[in-house]
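Structure, as structure tokens:
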Amino acid sequence: QVRLVESGGGLVQPGGSLRLSCVVSGSGFSLYTMAWYRRAPGKQRDLVASITSSMSTYYVDSVKGRFTISRENAKNTVYLQMNSLKPEDTAVYFCRMTRFALEVWGQGTQVTVSS
């Protein structure tokens with residue numbers, strides 16, 4: 001059974017940085033498409049960035065140039081490096097894996113950007 005565990009969230013001042021990690025249990029990680037989503041207070045959960053098994057990446061416009069998604073297959077881990085954080089980045093961040101019909105979500109990690 002595949003499980004995803006996120007970490008790295010916290011409180012940071014505007015302009016600061018955080019790196020989120022998502023560790024995936026089980027085998028086959030290198031074949032999965034991995035993504036980070038976020039849900040801001042009172043809003044729906046939205047895609048932030050994704051990375052395929054072939055290392056193709058996608059970013060929503062609001063984070064381009066500030067966030068970087070990467071993966072380390074040897075460690076079954078996907079990362080989200082977040083720089084130049086803004087108050088509007090405050091949200092619960094979720095990790096998601098997909099492969100064909102299989103979809104698994106992590107439990108989420110809170111990121112709060114505030115002075």
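The values are calculated or read from the model by the stated rules, or taken from the named source; none is laboratory data. None of these values were measured; they are calculated from a predicted model. Note: ideal-geometry Cβ built from the backbone for every residue, glycine included; neighbour counts use all protein chains shown. Quick note on the areas: whole protein, heavy atoms, side chains included, nothing else; ligands and nucleic acids left out. Shrake-Rupley method; radii C 1.70, N 1.55, O 1.52, S 1.80 Å.
Observations
- For the stretch 26-42, taking the residues that are farther than 12 Å from ARG99 by Cα and touching a strand residue (DSSP E or B) at 6+ places or on another chain (Cβ under 8 Å), the one that is surrounded by the most Cβ atoms within 10 Å (Cβ to Cβ) is identified as TRP36.
- Here ARG99 meets the list (1) open to solvent by 30 Å² or more (accessible area, probe 1.4 Å); (2) in contact with a Cys (Cβ under 7 Å, 6 or more places away or on another chain) almost entirely, failing just condition (2).
- Residue in the stretch 102-115 that is farthest from the chain's Cα centre (by Cα), counting only those that are assigned to a strand (DSSP E or B) and surrounded by fewer than 13 Cβ atoms within 10 Å (Cβ to Cβ): LEU102
- Whichever residue in the stretch 61-83 is under 15 Å from CYS95 (Cα atoms) and hydrophobic (A, V, I, L, M, F, W, C) and, among such residues, is surrounded by the most Cβ atoms within 10 Å (Cβ to Cβ): VAL78
- Subset of the stretch 65-77 [out of contact with any Leu (no Cβ under 9 Å at 6 or more places or on another chain) and in contact (Cβ under 8 Å) with a residue 24 or more places away in the chain]: ARG71, ASN73, LYS75, ASN76, THR77
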